[in-house]
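**Student:** One structure, pasted below without further comment.
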Number of protein chains: 2
Amino acid sequence: MNRISESDTKTLILDAAEQAFADLGFDSASLRHIISVAGVNLAAVHYHFGSKEALIEAVFSRRLTPLNKERLKLLDQLEAEAGKSPLNVEKVIGVLIGPALRLARDPGKGGPVVMRLFGRTIAEPSEQLQKLMHGQFGDVIRRFTAAFRCALPGLPEDVLYWRIQFVIGAMAHIMCDPTGLKTMSGGLCDPNDTEKAISEMVTFLATGMRAEVSKRRKK
Amino acid sequence: MNRISESDTKTLILDAAEQAFADLGFDSASLRHIISVAGVNLAAVHYHFGSKEALIEAVFSRRLTPLNKERLKLLDQLEAEAGKSPLNVEKVIGVLIGPALRLARDPGKGGPVVMRLFGRTIAEPSEQLQKLMHGQFGDVIRRFTAAFRCALPGLPEDVLYWRIQFVIGAMAHIMCDPTGLKTMSGGLCDPNDTEKAISEMVTFLATGMRAEVSKRRKK
DNA sequence: GTGCGATTCAAACGAACGTTTGAACTTATC
DNA sequence: GATAAGTTCAAACGTTCGTTTGAATCGCAC
């Protein structure tokens with residue numbers, strides 16, 4: 001078995017595929033486009049991955065698994081530091097969105113391409129991708145829900161869930177369309193300034209999380 | 001010219017198309033699927049619209065144009081009521097997101113299908129749809145940016161743009177995946193309770209909008 | 001009821017899609 | 001250098017896609 005060349009072809013395909021999926025969407029990106037960018041043979045996709053569906057899953061797992069592992073590790077640290085006292089909301093949000101936004105800065109983790117890919121996938125209608133995302137991301141959200149509950153003891157349970165959705169939505173939108181902000185602001189905002197983005201998001205979202213519960217209670 | 005039957009076939013196609021686009025995405029929804037649901041002939045699509053691309057635009061304009069008109073009309077009212085005093089942030093956000101979320105409640109405006117369609121399109125990678133969305137939505141955002149600026153006089157310009165993106169992201173995510181919230185909360189939250197959704201969003205987002213500017217200024 | 005434009009229809013077009021095949025090539029083992 | 005497993009390759013498979021065509025049908029003016 002030639003480990004180097006196998007790994008090379010596989011990686012070439014994965015790299016070209018994640019770029020194509022991010023740029024064109026999962027359906028519009030054809031295998032023929034991917035293999036022509038990767039410079040490999042069409043049949044190599046099925047030899048190494050089995051099907052386009054399996055390729056999509058491989059593209060995903062390669063990047064999402066380490067990302068979620070990092071998030072959970074940081075959350076573990078946060079909980080250990082806090083001991084029995086309530087968690088800090090800013091820090092919980094920072095641990096949730098920080099690793100995702102910092103993807104763009106780290107070519108080894110995929111760079112901006114992967115950030116856009118993840119951002120878009122949250123809104124993807126395909127059932128396969130919804131299941132894939134829920135399967136990988138569901139546990140993370142459950143852990144973070146518990147963390148938010150601990151950080152905001154007074155918040156009614158339903159309000160907690162609503163607000164977590166707002167956090168995810170804001171994060172996903174910044175991830176999937178980073179250039180839109182630059183255009184809209186006339187170049188004033190720089191979406192490539194990752195730490196600035198994180199800092200602005202943490203301030204906005206943490207303050208929203210702590211907002212007084214609106215009086216229209218009981219539906 | 002037979003106005004009734006023309007209008008009938010056209011409407012049947014538009015209805016089936018917007019449902020299919022929302023469920024499957026613009027690329028995956030084929031004309032053959034659409035016409036089979038609509039119960040019309042395949043060639044009718046090209047006779048009435050010219051191409052699939054033009055059909056997509058028609059599906060969009062039918063719903064988005066009235067929605068944005070309503071938003072701008074409500075914003076006009078708000079500004080007239082306020083006179084020279086600064087606008088109320090809660091009300092501006094309510095005018096921005098209210099009409100969009102209330103789409104789901106009004107079958108005449110498309111119902112939940114159209115809400116999901118709009119939500120998803122914000123994250124759509126296709127260049128055609130990005131231009132379509134920017135063209136129709138860009139003016140609205142410009143007007144609302146001015147309104148937010150007036151409502152939050154002390155806010156630095158770049159922070160204003162960042163926070164507007166967070167508002168759009170939260171709105172888009174609730175619109176495109178309303179059932180995800182129900183699943184995640186174990187049925188505790190009801191995404192069909194439109195007024196509750198609006199009320200929670202307004203509280204969260206307005207509080208975030210008013211957050212103290214983080215100290216990490218000057219990039 | 002004849003003529004005419006508007007609309008519908010079944011059928012076919014070429015192109016692109018994901019997938020499969022079987023032969024050619026490479027590499028490691030003896 | 002022969003054997004065998006791992007990998008690449010060009011070519012073709014059947015299907016589905018958006019689009020086009022030309023005849024059939026409809027509704028109304030004269």
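**Student:** Can you find even one residue in region A:11-19 that is surrounded by 13 or more Cβ atoms within 10 Å (Cβ to Cβ), within 14 Å of chain B (Cβ to nearest Cβ), without any contact (Cβ under 8 Å) to a residue 24 or more places away in the chain and assigned to a helix (DSSP H, G or I)?
**Tutor:** No, there is no match, as no residue in region A:11-19 is surrounded by 13 or more Cβ atoms within 10 Å (Cβ to Cβ), within 14 Å of chain B (Cβ to nearest Cβ), without any contact (Cβ under 8 Å) to a residue 24 or more places away in the chain and assigned to a helix (DSSP H, G or I).
**Student:** Within region A:50-60, is there a residue that is within 30 Å of A:LYS196 (Cβ to Cβ), open to solvent by 70 Å² or more (accessible area, probe 1.4 Å) and in contact (Cβ under 8 Å) with a residue 12 or more places away in the chain?
**Tutor:** Scanning region A:50-60 turns up no residue that is within 30 Å of A:LYS196 (Cβ to Cβ), open to solvent by 70 Å² or more (accessible area, probe 1.4 Å) and in contact (Cβ under 8 Å) with a residue 12 or more places away in the chain.
**Student:** Same structure, new question: What number goes with the only condition from (1) within 16 Å of DNA strand C (Cβ to nearest atom); (2) charged (D, E, K, R); (3) in a loop (DSSP other than H, G, I, E, B) that B:LYS84 does not pass?
**Tutor:** Condition not satisfied by B:LYS84: (1).
**Student:** Here is a check on your reading of the model: is A:ILE56 in a helix (DSSP H, G or I), over 21 Å from A:THR179 (Cβ atoms), within 14 Å of chain B (Cβ to nearest Cβ) and among the hydrophobic types (A, V, I, L, M, F, W, C)?
**Tutor:** yes
Every residue, every condition in (1) within 21 Å of B:ASP23 (Cβ to Cβ); (2) open to solvent by 10 Å² or more (accessible area, probe 1.4 Å); (3) hydroxyl-bearing (Ser, Thr, Tyr), yes or no:
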| position | (1), (2), (3) |
| --- | --- |
| A:ILE97 | no, no, no |
| A:GLU124 | yes, yes, no |
| A:LEU132 | yes, yes, no |
| A:PHE137 | no, yes, no |
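**Student:** While we're looking at this one, here's another question. Kindly indicate whether B:PHE144 is in contact (Cβ under 8 Å) with a residue 24 or more places away in the chain, part of a helix (DSSP H, G or I), more than 7 Å from every other protein chain (Cβ to nearest Cβ) and not small (Gly, Ala, Ser).
**Tutor:** yes
**Student:** Among the numbered conditions (1) at pLDDT 95 or above; (2) assigned to a loop (DSSP other than H, G, I, E, B); (3) over 25 Å from the mean Cα position of the chain (by Cα); (4) not basic (Lys, Arg), tell me where A:ALA29 comes up short.
**Tutor:** Going through (1) at pLDDT 95 or above; (2) assigned to a loop (DSSP other than H, G, I, E, B); (3) over 25 Å from the mean Cα position of the chain (by Cα); (4) not basic (Lys, Arg) one by one, A:ALA29 breaks only (3).
**Student:** Any idea which residue in region A:190-201 is farthest from the other protein chains (Cβ to nearest Cβ), counting only those that are open to solvent by 20 Å² or more (accessible area, probe 1.4 Å) and assigned to a helix (DSSP H, G or I)?
**Tutor:** Among them, the one singled out is A:GLU195.
**Student:** Moving on to the next point. Filter region B:172-189 for residues that are assigned to a helix (DSSP H, G or I) and more than 7 Å from chain A (Cβ to nearest Cβ) and give the result.
**Tutor:** B:MET175, B:PRO178, B:THR179, B:GLY180, B:LYS182, B:THR183
**Student:** When you scan region B:139-156, do you find a residue that is among the polar types (S, T, N, Q), buried (at least 17 other Cβ atoms within 10 Å of the Cβ) and closer than 19 Å to A:THR179 by Cβ, even just one?
**Tutor:** No; the residues of region B:139-156 include none that is among the polar types (S, T, N, Q), buried (at least 17 other Cβ atoms within 10 Å of the Cβ) and closer than 19 Å to A:THR179 by Cβ.
**Student:** With (1) of a type in the set (Gly, Ala, Ser); (2) modelled with pLDDT of 95 or more; (3) more than 28 Å from A:THR179 (Cα to Cα); (4) more than 23 Å from the chain's Cα centre (by Cα) as the list, and A:SER36 as the residue in question, which single condition is left unmet?
**Tutor:** (3)
**Student:** When you scan region B:97-111, do you find a residue that is within 30 Å of A:SER214 (Cα to Cα), outside any helix (DSSP H, G or I) and at pLDDT below 95, even just one?
**Tutor:** Yes: region B:97-111 contains one or more residues that are within 30 Å of A:SER214 (Cα to Cα), outside any helix (DSSP H, G or I) and at pLDDT below 95.
**Student:** Sticking with this one: Go through region B:24-49 and give me each residue that's in contact (Cβ under 8 Å) with a residue 12 or more places away in the chain and open to solvent by 20 Å² or more (accessible area, probe 1.4 Å).
**Tutor:** B:ASP27, B:LEU31, B:HIS33, B:ILE35, B:VAL37, B:GLY39, B:VAL40, B:HIS48, B:PHE49
**Student:** Is it the case that B:ARG120 is touching a Pro at 6+ places or on another chain (Cβ under 9 Å) and more than 13 Å from chain A (Cβ to nearest Cβ)?
**Tutor:** In short, no.
The values are calculated or read from the model by the stated rules, or taken from the named source; none is laboratory data. Only a predicted model underlies this, so the values are computations on that prediction, with no experimental measurement involved. FYI the Cβ positions are ideal-geometry reconstructions off the backbone, even for glycines, and counts take in every protein chain you see. Note: areas computed on protein heavy atoms with side chains; ligands, DNA, RNA excluded. Shrake-Rupley method; radii C 1.70, N 1.55, O 1.52, S 1.80 Å.
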